[in-house]
Amino acid sequence: LLRASPRNLEALILMAVVLPNFPPSSSAARKTNSIKEARDDIQAANELLQTFHPMEGFSPGEFLKYKHKLRVSLKEAAATVDLASGENERAIQEYQEVLSENSPPSAIIYFRLGVAYYRAGQTEKARKQLERAVQVDNGIVRKRAADLLNQIASNPKGLQNSPADVKR
């Protein structure tokens, strides 16, 4: 899609979120390349968002809501890339901003924020976010959050820094 339409804002944001979800068995070079490509997509999307204009068929209110949604999605993508690259404090800040602007709250954001807190050694804050993820979701995010809660309970100081933790 990006080859056919390199200025597709939604595709750039989607790729920036997907690229850091590499399997744990990926080589260091592949992880580095995926993170770099995701950061490039985020930069390109940010540049496009600056000049994004109302589209035909959208009322001004609808357009502003859509642009806000894209902006929040882009911040979520940046947080996911930061989490995948081990920049936990930055990911925490970005995920908190996403939560403050995203309604209704997303289980995946709670989960990833919990992972970032856990990796940063803030287990009580991690536990709180992971419990929220369990409350909001009833699928795979709930299971992964519950698994990490169990891990915290059995080893509260053992930090897990696997990129597999951030997958959707």
Q: State the Cα centre-to-centre distance between region 139-153 and region 1-78 in whole Å.
A: 28
Q) Within straight cross-link reach of K143, meaning Cα distance under 17 Å, which aspartates and glutamates are found once same-chain residues fewer than 8 apart are removed? A) E131, D165
Q) So between E131 and E101, what do we pick up on full extension, going 0.36 nm a residue minus the alpha carbon distance? A) 8.8 nm
**Q.** Gyration tensor verdict on region 1-100 (Cα atoms; rounded if a/c is under 1.5, prolate if a/b is larger than b/c, oblate otherwise)
**A.** oblate
Q: Work out which helices of the chain, taken as complete DSSP H runs, extend at least 24 Å along their axis over the Cα atoms and score a mean Kyte-Doolittle of -0.5 or more, then list them.
A: 60-84
Q.
Run through region 53-103 and list the GluC sites (Glu not before Pro) located in a DSSP loop whose Cβ has at most 11 other Cβ atoms within 10 Å.
A. E56
Q. Farthest toward the dipole's positive end in the chain, which of P54, L99, L9, given Cβ charges of +1 (Lys, Arg) and -1 (Asp, Glu) about the Cα centre?
A. L99
Q) Just how large is the dipole of region 58-97 about the Cα centre, in debye to the nearest 20, putting +1 at every Lys and Arg Cβ and -1 at every Asp and Glu Cβ? A) 280
Q: Calculate, in nm to one decimal, what K143 and R71 gain on full extension: separation in residues at 0.36 nm each, minus their alpha carbon distance.
A: 23.0 nm
**Q.** Whole-number accessible area per residue in Å² for region 11-168, which is evaluated in the context of all protein chains at 1.4 Å
**A.** 52
Q: Give a quick list of trypsin sites (Lys or Arg not before Pro) in region 2-45 that DSSP marks as loop, anything other than H, G, I, E or B, with at most 14 other Cβ atoms within 10 Å.
A: R3, R7
Q) Counting only protein heavy atoms, what percent of the accessible surface of the chain is carbon or sulfur at a 1.4 Å probe? A) 51
(Q) What number results when the radius of gyration of the chain, computed over Cα atoms, is divided by 2.2 N^0.38 Å? (A) 1.08
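The values are calculated or read from the model by the stated rules, or taken from the named source; none is laboratory data. Here the structure is a predicted model, which is why all the values come from computation and not from measurement. As a convention, Cβ positions derive from the backbone with ideal geometry for all residues, glycine included, and neighbour counts pool all protein chains shown. Areas reflect the complete protein model, heavy atoms only, side chains present, ligands, DNA and RNA absent. Shrake-Rupley method; radii C 1.70, N 1.55, O 1.52, S 1.80 Å.
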